[in-house]
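Undergrad: My questions all concern the structure below.
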Amino acid sequence: MSTNQKILTLVMVRKANAILLGLKKRGFGEGKWNGFGGKVENDETVAEGAIRELEEESGLVAKCLKKVGILEFEFVGNPIVLEVHVFDVLQYEGEPVETEEMQPQWFPEDSVPYEKMWPDDILWYPLYLKGIKFKGYFLYQGHDTILKYTLTQVDHL
Ligand SMILES: Nc1nc(SCCc2ccccc2)c2[nH]cnc2n1
């Protein structure tokens, strides 16, 4: 039974006050810097999907994954609501490599390129970077305008 919800993952990798982002080279969010992620397959958990997408898109193997937030995105005129499970990776193996999907780059945490990211990111990254768990809902018009949103701190995800 397919509801109007689509589960997606989003993984940011951090080391020593730097965050790994990828420039999306094609598909949804093309041209924006973002964490790594995508769909969750039927035969995997959300966390397994996150680990898989991170390796497919960056070459990195996550050794520990922390849930940090859940974001819901609705786009005017589109009935599918995206439910994005956000994860933080602090321990990983490998070095980031460019893939078909993503061009990876480390950014200092105080130099995140928000102007080249999804408009919601500048709203919840400050919580994420402070280790505060969050839940958010964003109603978009197109891919660049947020019509309304809610963003709350939560104790448990
Ligand atoms: N940061 C952020 N990410 C996404 S989609 C993330 C999940 C995804 C989906 C498809 C391919 C790869 C990753 C957003 N959508 C609307 N605002 C947004 N902000």
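Undergrad: Need a quick list: strands (runs of 3 or more DSSP E) entirely within the range 1-112 having at least 1 residues that are basic (K, R) and either away from the ligand (no atom under 13 Å from the Cβ) or open to solvent by less than 20 Å² (accessible area, probe 1.4 Å) (or both).
TA: Where strands (runs of 3 or more DSSP E) fall fully within the range 1-112 and carry at least 1 residues being basic (K, R) and either away from the ligand (no atom under 13 Å from the Cβ) or open to solvent by less than 20 Å² (accessible area, probe 1.4 Å) (or both), they are 5-15, 61-75.
Undergrad: So which residues in the range 84-116 are among the aliphatic types (A, V, I, L, M) and either within 21 Å of D155 (Cα to Cα) or touching a Leu at 6+ places or on another chain (Cβ under 8 Å) (or both)?
TA: Result: V84, V86, V89, L90, M102, V112.
Undergrad: Further, regarding this structure: For the condition assigned to a loop (DSSP other than H, G, I, E, B) and surrounded by 11 or more Cβ atoms within 10 Å (Cβ to Cβ), what is the one hit in I122, I132, I146? Steps first, answer last, please.
TA: Numbers: I122 fails: assigned to a loop (DSSP other than H, G, I, E, B); I146 fails: assigned to a loop (DSSP other than H, G, I, E, B).
None of the other options fit; the residue is I132.
Undergrad: Tell me which of these E115 doesn't satisfy, since it passes every other one: (1) open to solvent by less than 80 Å² (accessible area, probe 1.4 Å); (2) closer than 19 Å to K32 by Cβ; (3) away from the ligand (no atom under 13 Å from the Cβ).
TA: With (1) open to solvent by less than 80 Å² (accessible area, probe 1.4 Å); (2) closer than 19 Å to K32 by Cβ; (3) away from the ligand (no atom under 13 Å from the Cβ) applied to E115, the lone miss is (1).
Undergrad: Pull out all pairs, ordered by first then second residue, where Cβ-Cβ is under 7 Å, the residues are six or more apart or on different chains, the first lies in the range 15-28 and is farther than 15 Å from E57 by Cα, and the second is within 12 Å of the ligand (Cβ to nearest atom) and open to solvent by less than 40 Å² (accessible area, probe 1.4 Å).
TA: Correct list of pairs: I19/M12; I19/V112.
Undergrad: Would you confirm, using the coordinates I've provided, whether Q141 is under 16 Å from G37 (Cα atoms) and open to solvent by 70 Å² or more (accessible area, probe 1.4 Å)?
TA: No.
Conditions tested, residue by residue: (1) under 15 Å from L60 (Cα atoms); (2) without any contact (Cβ under 8 Å) to a residue 24 or more places away in the chain.
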residue	(1), (2)
L82	no, no
V86	no, no
Y92	yes, no
E98	yes, yes
P104	yes, no
F107	no, no
P119	no, no
K135	no, no
L139	no, no
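The values are calculated or read from the model by the stated rules, or taken from the named source; none is laboratory data. Keep in mind that what you see is a predicted model, and the values were worked out from it rather than measured. Using ideal geometry, Cβ is built from the backbone for each residue, glycine included, and neighbour counts are taken over all protein chains shown. SASA here: full protein model, heavy atoms, side chains in, ligands and nucleic acids out. Shrake-Rupley method; radii C 1.70, N 1.55, O 1.52, S 1.80 Å.
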